[in-house]
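Participant: I have a structure I would like to understand better, so I am pasting it below and will then ask my questions one at a time.
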Amino acid sequence: MAVDTQDRPAATTAENGPTAEQDSRFQRYRIRTGMFAWIMHRLTGVGLVVYLIIHIWGLKSLSDPETFNALIAKYHSPIFKVGEFALLVAVAYHAMNGLRIVLIDFLGWSPKQKRLFVTLGAVTALIILVGGWPSIYSLGEWLFGPGTMPSLFL
Amino acid sequence: MAASKSNALNWFLHRITGTFLIFMLITHFWVQHYDHQVASVTHEVVTEKGEMPDYPDAAKEGVKAKMGNDVEATPYNVVMQRLADPVYAVLWKGFNILFLIVALHHGFYGLNNVLTDYIRDPMGRLVARSLSWTVALGLLIIGLYSVITAGW
């Protein structure tokens, strides 16, 4: 599936004969920015529901200290640290794109769509970098040895 | 037509719960991942079997102050130091019960939107909807039990 995004083409291109681009068999599914945002919202949403199920199920162990300690220790293994970062990326994207939908639906910000998209994209990147630093830091310390990563604000 | 009316309410609720979740997630992430004293997840990778993550000094001191000098800062005890304060415990439980309900409604309503998009058959839709809301109800009960009995 092509994931390169492009803006809605000018109306005239659709009325003209087939162009080189339209010869592609995927042309009917050509992914524009809004559609890409929608697909990602859907994919991250389903992923987050799956995570929510596992998360609530795992918290049953709060009733038993031994099991809870073992579970949290497991959450500190490298693969879970990578997953933790992926989770943050999914949450940050889903939350900020959701906020975009709410602002457009409730406050009628559709004329400001483009600026809104860029601004929230920047906020999402910031959340991922700052919020994800603990995960990146811990993985780096483990991969390259203690003291090799700048601890920054941690 | 009655069904479309109730869908409009759910559509509206989905946006409200989504907005609430942003603020609740910030609180949740701060407490669980970033606060030096009470975060149960620390910035450390653990690979040895049986090894426990090492907590910041603030967390070790917090556990000692709340639970006694000989108590170690294990993941469970780091959570329990929060619940040791009865006022905080009630607030924490109230917050998490609300969080649980809002997250489950938002997640499973969204999941049902997706299912309805791909399942065309009315019977299939009914089965998918019943199944998914049953799972949600089961998770609500499990979650409520975990939150309410935590620290007992």
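Participant: Based on what the data block shows, is B:His43 modelled with pLDDT under 90, within 11 Å of chain A (Cβ to nearest Cβ) and in a loop (DSSP other than H, G, I, E, B)? Break it down into steps so the answer makes sense when it comes.
Facilitator: On the way: modelled with pLDDT under 90: yes; within 11 Å of chain A (Cβ to nearest Cβ): yes; in a loop (DSSP other than H, G, I, E, B): yes.
For B:His43, the condition - modelled with pLDDT under 90, within 11 Å of chain A (Cβ to nearest Cβ) and in a loop (DSSP other than H, G, I, E, B) - is met.
Participant: Suppose we keep only residues that are at the interface with chain B (Cβ under 10 Å from one of its Cβ atoms) and small (Gly, Ala, Ser) within the stretch A:120-147. Which one would you say is surrounded by the fewest Cβ atoms within 10 Å (Cβ to Cβ)?
Facilitator: A:Gly140
Participant: How do the pairs read when you match residues in the stretch B:93-105 that are of a type in the set (Lys, Arg) with residues anywhere that are part of a helix (DSSP H, G or I), using Cβ under 7 Å and keeping only pairs 6 or more apart or on different chains?
Facilitator: Matching pairs, first to second residue: B:Lys93/B:Val147; B:Lys93/B:Ile148.
Participant: For the stretch A:56-75, give me the residue count where each residue is touching a residue at least 12 places away in the same chain (Cβ under 8 Å) and farther than 22 Å from B:Leu98 by Cβ. Break it down into steps so the answer makes sense when it comes.
Facilitator: So in the stretch A:56-75, the residues touching a residue at least 12 places away in the same chain (Cβ under 8 Å) come out as A:58, A:71.
Applying the additional criterion that residues be farther than 22 Å from B:Leu98 by Cβ yields A:71.
Of the residues in that region, 1 qualify.
Participant: Here's something else I'd like to know. Please go through the stretch B:53-75 and pick out each residue that is in a loop (DSSP other than H, G, I, E, B) and of a type outside the set (D, E, K, R). Walk me through it before giving the result.
Facilitator: Here is the first cut: in the stretch B:53-75, the ones in a loop (DSSP other than H, G, I, E, B) are B:53-56, B:68-74.
Listed by number, the residues that qualify are B:Pro53, B:Tyr55, B:Pro56, B:Gly68, B:Asn69, B:Val71, B:Ala73, B:Thr74.
Participant: Find the helices (runs of 4 or more DSSP H) located wholly in the stretch A:60-154 whose residues include 1 or more that are at pLDDT 95 or above and of a type outside the set (Gly, Ala, Ser), and list them.
Facilitator: Numbers: elements: A:65-75, A:78-107, A:113-144.
Ranges flagged: A:78-107, A:113-144.
Participant: Is at least one residue of the stretch A:81-91 among the basic types (Lys, Arg), more than 7 Å from chain B (Cβ to nearest Cβ), surrounded by 15 or more Cβ atoms within 10 Å (Cβ to Cβ) and at negative phi? Give the derivation first.
Facilitator: So the first thing to find is which residues in the stretch A:81-91 are among the basic types (Lys, Arg), and the list is A:81.
Then drop every residue that is not more than 7 Å from chain B (Cβ to nearest Cβ), which leaves none.
Within the stretch A:81-91, not a single residue is among the basic types (Lys, Arg), more than 7 Å from chain B (Cβ to nearest Cβ), surrounded by 15 or more Cβ atoms within 10 Å (Cβ to Cβ) and at negative phi.
Participant: So, in the stretch A:49-80, of the ones that are within 9 Å of another protein chain (Cβ to nearest Cβ) and among the small types (Gly, Ala, Ser), which residue ends up nearest to B:Trp152 (Cα to Cα)?
Facilitator: Checking each candidate, the answer is A:Ser63.
Participant: Report yes if B:Tyr55 is under 15 Å from A:Ser138 (Cα atoms), within 13 Å of chain A (Cβ to nearest Cβ) and under 20 Å from the mean Cα position of the chain (by Cα), otherwise no.
Facilitator: Considered against the rule, which asks whether it is under 15 Å from A:Ser138 (Cα atoms), within 13 Å of chain A (Cβ to nearest Cβ) and under 20 Å from the mean Cα position of the chain (by Cα), B:Tyr55 comes out as no.
Participant: Residue check, B:Leu25 against (1) in a helix (DSSP H, G or I); (2) in contact with an Asp or Glu (Cβ under 7 Å, 6 or more places away or on another chain), all met but one. Which one?
Facilitator: The single condition B:Leu25 does not satisfy is (2).
The values are calculated or read from the model by the stated rules, or taken from the named source; none is laboratory data. Because the structure is predicted, anything quoted here is derived from the model rather than measured. FYI the Cβ positions are ideal-geometry reconstructions off the backbone, even for glycines, and counts take in every protein chain you see.
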